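K.L.:
After the structure tokens below, expect a handful of questions from me.
The values are calculated or read from the model by the stated rules, or taken from the named source; none is laboratory data. Since the model is a prediction, treat every value here as computed from it, not as a measurement. Every residue, glycine as well, gets a Cβ built from its backbone with ideal geometry; the counts of neighbours run over all protein chains shown. Note: accessible area is taken over every heavy atom of the protein model, side chains too, but ligands, DNA and RNA are not part of it. Shrake-Rupley method; radii C 1.70, N 1.55, O 1.52, S 1.80 Å.
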Amino acid sequence: MKKIQMVDLKSQYDKIATTVNTSIQEVLDTNTYINGPQVHQFQKALEDYLGVKHVIPCANGTDALQIAMMGLDLKPGDEVITADFTFAATVEVIALLQLTPVLVDVDLDNMNISLDRIKAAITPKTKAIVPVHLFGRSANMDAIMALGKEHNLYVIEDNAQAIGADFISASGTKTKVGTIGHVGATSFFPSKNLGCYGDGGAIFTNDDALAHIIRGIVNHGMYERYHHDVVGVNSRLDSIQAAVLNAKLPFLNDYNTARRNAAAKYNAALSAHSNIITPSFEANENNHVFHQYTLRIIDADRNGLMQYLLDKGIPCAIYYPIPLHSQKAYLDARYKEEDFPVTNQLVKEVISLPMHTELDDEQIQFITDSVLEFLNK
Ligand SMILES: *Cc1c(COP(=O)(O)O)cnc(C)c1O
């Protein structure tokens, strides 16, 4: 059996090596390392793929979130509501911009931000909601957009984990997540569903005026050379990373399908077990693109399972072990433990198994057999 990895980027690269190498070689041959034609080509290709008017490439997903927020007229002290159960980057940029992060609990069934908790957290100071499409599954954007509209709030989608996922609205319209809110942000970190070979990110919006503002912000606040109209940053996707992404974007749907297929096989083997809650997903709808495959282990020794798998050479991880509201950097007197029952439960129950585009049946069988072996001991 091939050695099991949490993410197998080498095997994925081997299959497309010629295309990637040719694409990178073009950058080397033309010395267009910054803002080369590859960056523009990728921007256009991603706009087409997502069906969004504007993609603004930038240096990483954290910058993408920060710049998205800088582009909106948010003022220090404005409250921004986001999920307690996510990667810290989401809350970090809110705090960095001197906005006030307001963390709220998530729902148990899909681990995404809870609509009721958002409602309860809205105050006259609330200016924006940041849903995170956690582990590759779309948050309920119908409800979030309606709530945003009702309270005149911006919706900023953290789409770092769900590029390519569809949201199917109640009316049946299919839209790529990240393009539904006022602005969306994604990451091309190597292990993300569309990863480059270094850091990269992008901002999405259908708003022409906002896109214009953001294009200036990523470039030192310049709209005309050496005229700095707003405080900006330097955040660029470099041409070599864009070249990698140009080679990989045509495979994104296949990659997401491979992840969904692996998830379906995991589910088939594990969902009947009484100590396991598997992630649910609609077989025909691309609403979950499985950035992570995350189980809940109930009434059993989750940490023991993790050690058992690691000892057998099966990588696994706890995403995320500590709720953000309990992190030293984000402590706030407004938070009460009883407001976070689900996150407090999830941090004790979740375990993520290997998930990537190259998992084979033998590996999946070995992983699921090992999980069951431990739980049936
Ligand atoms: C990866 C990630 C980010 C940050 O992306 P980087 O490119 O690493 O800066 C932000 N939010 C979430 C939910 C992520 O998973």
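K.L.:
Can you pull out every residue in the range 322-347 that is basic (Lys, Arg), outside any helix (DSSP H, G or I) and modelled with pLDDT of 95 or more?
P.N.:
Going through the range 322-347, the residues basic (Lys, Arg) turn out to be 328, 334, 336.
Within this subset, residues satisfying the condition of being outside any helix (DSSP H, G or I) are 334, 336.
Across the range 322-347, the qualifying residue is only Lys336.
K.L.:
For the subset of the range 145-166 comprising residues that are away from the ligand (no atom under 16 Å from the Cβ) and of a type in the set (A, V, I, L, M), which member is surrounded by the fewest Cβ atoms within 10 Å (Cβ to Cβ)?
P.N.:
Initially, the range 145-166 is screened for residues away from the ligand (no atom under 16 Å from the Cβ), giving 145-154, 166.
Within this subset, residues satisfying the condition of being of a type in the set (A, V, I, L, M) are 145-147, 153.
Values: Met145: 19, Ala146: 13, Leu147: 18, Leu153: 21.
If we take residues in the range 145-166 being away from the ligand (no atom under 16 Å from the Cβ) and of a type in the set (A, V, I, L, M), then Ala146 is surrounded by the fewest Cβ atoms within 10 Å (Cβ to Cβ).
K.L.:
If I go through the range 182-213 residue by residue, how many of them are more than 8 Å from the ligand (Cβ to nearest atom), open to solvent by less than 40 Å² (accessible area, probe 1.4 Å) and among the aliphatic types (A, V, I, L, M)?
P.N.:
6
K.L.:
A follow-up question, please. Quick one: would you say Ala121 is away from the ligand (no atom under 16 Å from the Cβ), small (Gly, Ala, Ser) and surrounded by fewer than 16 Cβ atoms within 10 Å (Cβ to Cβ)?
P.N.:
So Ala121 does not fit the description; no.
K.L.:
I'd like to know if the range 96-112 contains one or more residues that are surrounded by 24 or more Cβ atoms within 10 Å (Cβ to Cβ), among the acidic types (Asp, Glu) and away from the ligand (no atom under 16 Å from the Cβ).
P.N.:
Yes, because at least one residue in the range 96-112 is surrounded by 24 or more Cβ atoms within 10 Å (Cβ to Cβ), among the acidic types (Asp, Glu) and away from the ligand (no atom under 16 Å from the Cβ).
K.L.:
Go through the range 34-73 and give me each residue that's part of a loop (DSSP other than H, G, I, E, B) and away from the ligand (no atom under 16 Å from the Cβ). Before you say what the answer is, go through the steps one by one.
P.N.:
Filtering the range 34-73 down to residues part of a loop (DSSP other than H, G, I, E, B) leaves 34-36, 51-53, 59-60, 72-73.
Listed by number, the residues that qualify are Ile34, Asn35, Gly36, Gly51, Val52, Lys53, Leu72, Asp73.
K.L.:
Sticking with this structure for a sec: If Gln66 satisfies every condition in (1) open to solvent by 20 Å² or more (accessible area, probe 1.4 Å); (2) under 19 Å from the mean Cα position of the chain (by Cα); (3) under 18 Å from Ile163 (Cβ atoms) but one, which is the exception?
P.N.:
Failed condition: (3).
K.L.:
Looking at the range 297-304, is at least one residue under 28 Å from Gly198 (Cβ atoms) and touching a residue at least 60 places away in the same chain (Cβ under 8 Å)? Explain how you work it out, then say what you get.
P.N.:
Let us first name the residues in the range 297-304 that are under 28 Å from Gly198 (Cβ atoms), namely none.
Checked against the condition, which is being under 28 Å from Gly198 (Cβ atoms) and touching a residue at least 60 places away in the same chain (Cβ under 8 Å), the range 297-304 yields no hits at all.
K.L.:
Also, quick follow-up: Taking the stated definitions as given, is Val177 crowded, with 21+ Cβ neighbours inside 10 Å, of a type in the set (Val, Ile, Thr) and farther than 16 Å from Leu50 by Cβ? Steps first, answer last, please.
P.N.:
Values: crowded, with 21+ Cβ neighbours inside 10 Å: yes; of a type in the set (Val, Ile, Thr): yes; farther than 16 Å from Leu50 by Cβ: no.
Taking the combined requirement at face value, the residue does not satisfy it.
K.L.:
Another question about this same structure. Mind listing whichever residues of the range 167-181 are assigned to a loop (DSSP other than H, G, I, E, B), more than 14 Å from the ligand (Cβ to nearest atom) and at negative phi?
P.N.:
So the first thing to find is which residues in the range 167-181 are assigned to a loop (DSSP other than H, G, I, E, B), and the list is 169-173, 177-181.
Narrowing the set further to residues that are more than 14 Å from the ligand (Cβ to nearest atom) leaves 169-173, 179-181.
Of everything in the range 167-181, those that are assigned to a loop (DSSP other than H, G, I, E, B), more than 14 Å from the ligand (Cβ to nearest atom) and at negative phi turn out to be Ser169, Ala170, Ser171, Thr173, Thr179, Ile180, Gly181.
K.L.:
Right, here's the next one. Scan the range 31-48 for residues that are open to solvent by less than 50 Å² (accessible area, probe 1.4 Å) and not charged (D, E, K, R) and jot them down.
P.N.:
Pass one, the range 31-48, residues open to solvent by less than 50 Å² (accessible area, probe 1.4 Å): 32, 36, 38-39, 42-43, 45-47.
Thr32, Gly36, Gln38, Val39, Phe42, Gln43, Ala45, Leu46 - these are the residues of the range 31-48 that are open to solvent by less than 50 Å² (accessible area, probe 1.4 Å) and not charged (D, E, K, R).
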